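In what follows, a structure is listed as structure tokens, so that the remarks can point back to it.
The values are calculated or read from the model by the stated rules, or taken from the named source; none is laboratory data. Values in this document were obtained by computation on a predicted structure and should not be read as measured data. Here the Cβ positions follow ideal geometry from the backbone for every residue, glycine too, while neighbour counts run over all protein chains shown.
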């Protein structure tokens, strides 16, 4: 990997290029080593999963990668460019979008306003006061239709179900047209019908060239959706490979089941 001062974006990718890679990434909180020397590579153009027991460091790893927190040491590269410690908006501009374990929407704003906020860099007050670009509105409506909540355009985000908020958050991520999408527990707190919808969205977007890195506890979903699975335990990867390989690895059974 060759590091540069700025991420260059998805144009640099080739079929053999790693999408996202970390080397000896570390992050501690007091005496707790949340991410402990994690070196891992995710595959470009694939649906990658990051799984592990509760407290194994998955969300902290996501936060280090996307600039929400700074790692104590180690490096993060995206398509061969160093993004370690960059601000979240710079990482987003490089082509990485993400959702959060606890869904983040603006509850007192409408569904459409949430969509427009997702792609505007000015202050919230100026965003709400500014005129609406017809092309931006059309794009937002198209994405709302794609995730199946176009009929909720004028609803306040607080008035829609949690599953619909998850779909809104994903649609907001897509407004930025990221090349790589990192989803933190997309199926958490969601009913089976919406889980199927989210899975189908991931499959269709992946078929269009989007790379996914998904943290998820729903093992049925992970194993049916993923091309490549990385297993974390105690802040570091202990196994990676296809779903079939991972499911039969004794280290994974020990981490999850203590056997």
Report task. Report whether or not residue 225 is buried (at least 20 other Cβ atoms within 10 Å of the Cβ) and over 21 Å from residue 22 (Cβ atoms). Result -> yes
Query raised in the report: Which residues, taken from the stretch 65-100, are in a loop (DSSP other than H, G, I, E, B) and under 12 Å from residue 180 (Cβ atoms)?
Result: 66, 79, 83, 95
**Report entry** Test: residue in the stretch 159-174 that is within 23 Å of residue 115 (Cα to Cα), over 15 Å from the mean Cα position of the chain (by Cα) and assigned by TED's automatic domain parsing to the domain that holds residue 34
**Finding:** no
Report task. Pull up the stretch 233-256, narrow it to residues that are closer than 11 Å to residue 49 by Cβ and touching a helix residue (DSSP H, G or I) at 6+ places or on another chain (Cβ under 8 Å), then point me to the one that is surrounded by the most Cβ atoms within 10 Å (Cβ to Cβ). Result -> 246
Query raised in the report: Given the structure, is residue 128 at pLDDT below 90, outside any strand (DSSP E or B), in contact with a helix residue (DSSP H, G or I) (Cβ under 9 Å, 6 or more places away or on another chain) and not assigned by TED's automatic domain parsing to the domain that holds residue 36?
Result: yes
Report summary line: Of the candidates 34, 21, the one satisfying the condition of being in contact with a helix residue (DSSP H, G or I) (Cβ under 7 Å, 6 or more places away or on another chain) and part of a strand (DSSP E or B) is 34
Query raised in the report: Within the group 111, 105, 76, 119, which residue is over 16 Å from residue 62 (Cβ atoms), in contact with a helix residue (DSSP H, G or I) (Cβ under 6 Å, 6 or more places away or on another chain) and modelled with pLDDT of 95 or more?
Result: 111
Report summary line: If we ask which residues in the stretch 84-94 are farther than 15 Å from residue 62 by Cα and crowded, with 16+ Cβ neighbours inside 10 Å, their number turns out to be 2
Report summary line: Reported set for the stretch 204-219 where residues are in contact with a helix residue (DSSP H, G or I) (Cβ under 9 Å, 6 or more places away or on another chain) and without any contact (Cβ under 8 Å) to a residue 40 or more places away in the chain is 204, 205, 210, 218
